Amino acid sequence: MRIEPGRLRRRTVFAAGGAAALGALLRPGRAIAAPGWYEQAFQSVVAADPNIRAHLTPGQEFWYRPRQLLVAPADLGRVMARLTNLGYVVATGAPFAGVARVMFRVNVDIKAIVDDLRNRANWAASVPVVQPHHVVVGYPNIMGNPGDAPASLAVSVAPATGSTGSGQLVGICDTGIWADATKRHPLWFAGSYAAAPADIDELYQGNSTLALQAGHGTFIAGVLRRTAPSIMFDPAVALTPHGIGDEASVAAALASLNPTVSYVNLSLGCYTMGNVPSLPLANAIASLAPTPSVTPVVVAAAGNAGSARPTWPAALPGVVAVAALRTDALLGQVPTEYSNFGPWVDLCAIGGHQGPYVTGLLAPPDQKPLSFDGFATWHGTSFAVPYAIGRMAKLVTNLGISPQAAAASLCVGPKPYAGYGAIVP
């Protein structure tokens, strides 16, 4: 059967992997269902942001910053010359992560310009390396996502105990950490991180109303600490409290991490124009400076669109991409309907977790506000990532191996579902 790249769906993969019966037992994928209030609210935030543009051709969607073009520095001169010859008024902007930035005086069709610059017929020499400046989002916020908001827990969740993760440090590039995380959850977080003012998650949109993805980084830290209770983490802000950033903000967060991190948690990502790997994200990850004793393992969420289309940075070479599982009463651990998948995915882990969160209100339109008092349950490939890192840390603690060896060990585990990687136990 011929399958169009990027349009492969979950149940096709099960059948291809010899699990057609399993596909029949799973409920239809929520990734193609009508969006719920949470996704609709996020789409409204994106639509109202003048610094976000969307290309929405099905199967080719991506978000990007207007009036910006990113170029490999070696190609900047000839790109600027062609743009000037075509009549555009351009100037160079602030570079980042080893890429040059071209700024247009007025709004232009960035996709059409990139198409022109990538057209082999326009160049006597090699085609220049160019791309839009892509908008990056935290998962669960992505086009086609299942629309899951966190759900409040009426009871507290007890932290785990033990030495798992001792001596290991995780960089979490996300929404940051709640300013009151240690005060509200001392048994979970006391002594586990040191946050500068720039690392704080600005949760609230006035009074006690939470932004759509407020507390995302804090919840990730809780999943991590529940899986590896003695591990330390270094929070860095890459996303707004609504879960929106771009390649520049992620690169800046990566550059700010403690250079001794053993792992980097990236529960975020983007689709790119033409599915071309993100040059700035690749450069930023390659620039993570290893110390003589530590080369960080970068672990990224596969995304929540229920698609085989690669997301970045998860699909970059050398990055461990993690899909999400759920527990079925009859079948045990099975892939979730929302998780992305494909040959670029390395691991799959439980995506639904309970743990420490923040306090405040989420306000669905025309509905009673959702009240949170410090604990929540949340689902997504976002939370499969810290669970996978925690399991790597456990192998390091128990076996005395390196983080790289621990990651490699998990990646060669059982792979019962085609396109979802090895199951993290």
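The values are calculated or read from the model by the stated rules, or taken from the named source; none is laboratory data. All values derive from a computational prediction rather than experimental measurement. Glycine gets a Cβ as well: all are built from the backbone with ideal geometry, and neighbour counts include every protein chain shown.
Considering R78, R101, R120, which residue is of a type in the set (K, R), surrounded by 17 or more Cβ atoms within 10 Å (Cβ to Cβ) and not assigned by TED's automatic domain parsing to the domain that holds P280?
R101
Evaluate the following for G6: is it at pLDDT below 50, in contact with a strand residue (DSSP E or B) (Cβ under 9 Å, 6 or more places away or on another chain) and of a type outside the set (K, R)?
So G6 passes the test.
Do you know which residues across segment 284-314 are over 24 Å from P95 (Cα atoms), small (G, A, S) and either assigned to a loop (DSSP other than H, G, I, E, B) or at pLDDT below 95 (or both)? Walk me through it before giving the result.
From segment 284-314, those over 24 Å from P95 (Cα atoms) are 291-297, 299-310; that's our starting set.
Now restrict to residues that are small (G, A, S): 293, 300-303, 305-308.
Passing the criteria: S293, A302, G303, A305, G306, S307, A308.
From the list L361, L330, pick out the single residue that is surrounded by fewer than 23 Cβ atoms within 10 Å (Cβ to Cβ) and in a loop (DSSP other than H, G, I, E, B).
On the way: L361 fails: in a loop (DSSP other than H, G, I, E, B).
Selected residue: L330, the only one of L361, L330 that is surrounded by fewer than 23 Cβ atoms within 10 Å (Cβ to Cβ) and in a loop (DSSP other than H, G, I, E, B).
From the residues in segment 396-421 that are crowded, with 20+ Cβ neighbours inside 10 Å and hydrophobic (A, V, I, L, M, F, W, C), which one is nearest to L331 (Cα to Cα)?
Among residues in segment 396-421 that are crowded, with 20+ Cβ neighbours inside 10 Å and hydrophobic (A, V, I, L, M, F, W, C), the one nearest to L331 (Cα to Cα) is L410.
In segment 414-425, what residues are part of a loop (DSSP other than H, G, I, E, B) and either touching a residue at least 40 places away in the same chain (Cβ under 8 Å) or at positive phi (or both)?
Once the filter is applied, which keeps residues that are part of a loop (DSSP other than H, G, I, E, B) and either touching a residue at least 40 places away in the same chain (Cβ under 8 Å) or at positive phi (or both), segment 414-425 yields P416, Y417, A418, G419, Y420, G421, V424.
Do we find that S339 is assigned to a helix (DSSP H, G or I) and either under 24 Å from I231 (Cβ atoms) or in contact with a Cys (Cβ under 8 Å, 6 or more places away or on another chain) (or both) in this structure? Talk me through it step by step, then tell me what you get.
Details: assigned to a helix (DSSP H, G or I): no; either under 24 Å from I231 (Cβ atoms) or in contact with a Cys (Cβ under 8 Å, 6 or more places away or on another chain) (or both): yes.
In short, no.
Quick check: is even one residue across segment 127-149 of a type in the set (G, A, S), outside any helix (DSSP H, G or I) and modelled with pLDDT of 95 or more?
Within segment 127-149 (the criterion being of a type in the set (G, A, S), outside any helix (DSSP H, G or I) and modelled with pLDDT of 95 or more), the answer is no, since none of the residues qualifies.
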